[in-house]
Amino acid sequence: MPYLPSILRPLFKRAETALLLHGTEPRTILFLGVFSVLDGFLPMLPAEIFVLVLCILQPQKGKTIVLIFAMASALSAFLLASALGTLSTSAESLSRQLLGTQGPQALAIMRNWGPTSMVFFSIFPDSPRSSIALLALSGVAPAWIGAMVCIGKLMLYAGILALIGHLPTRVGRWRGPGPVWRRWLQRRASRFVAYCRRIRWLARHPEQRFSTDQRVS
């Protein structure tokens, strides 16, 4: 994590270690799901990281993980939209503050598409806070915003779960000579599969994680 400020690195290391130590426990799913509700208000470890690691360590509960975290994202969006809806700031003013000269154009697109635009923005990692704020200040009901965020995150998390479950069986078929795009895809897929194996190995051997951290420090 070299891109993190030095003051935040110990916090993120502790969170990563705790996730590896307790990621195989069923209660961790609910705890992190509740914790990820705050992601809409405070930029912390993205919920996508929780979903990825938990689905790797508890694949048999993958559907439950996807559903819980999608609902947590929806609740986070609903609470944020409800809070912003009480402000007197206009959507036009906020769009200019957040996006500069592109603010009015982005706001027009979101108003044309309505709450359904949140499905698109929610497919990407992290919480779409700016989009939630603009729609909330435009008068869109928080319940609609939360529902669209839930759909988008369901698509994202289901995609993560599908990659974890099916990619290992596909990688071997892509090996060997072939088009450039297939070799590129094979390399990325192999790295992802290796990452999943690494996470499982560290969860079974936490002492190796600690010794690695000590050597790095």
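Pairs, please: C-beta under 8 Å, at least 6 apart or cross-chain, first residue touching a residue at least 60 places away in the same chain (Cβ under 8 Å) and in region 45-59, second part of a loop (DSSP other than H, G, I, E, B) and among the acidic types (D, E)?
P46/D126; E48/D126
Being touching a Gly at 6+ places or on another chain (Cβ under 7 Å), modelled with pLDDT of 65 or more and assigned to a helix (DSSP H, G or I) is true for just one of F78, F35, F31. Which residue is that?
Only one candidate passes the filter, namely F78.
Can you find, within region 163-189, the residue that is nearest to L20 (Cα to Cα) among those that are at pLDDT 85 or above and surrounded by 13 or more Cβ atoms within 10 Å (Cβ to Cβ)?
The qualifying residue nearest to L20 (Cα to Cα) is I164.
The values are calculated or read from the model by the stated rules, or taken from the named source; none is laboratory data. Because the structure is predicted, anything quoted here is derived from the model rather than measured. So basically every Cβ, Gly included, is an ideal-geometry build from the backbone, and we count neighbours across all protein chains shown.
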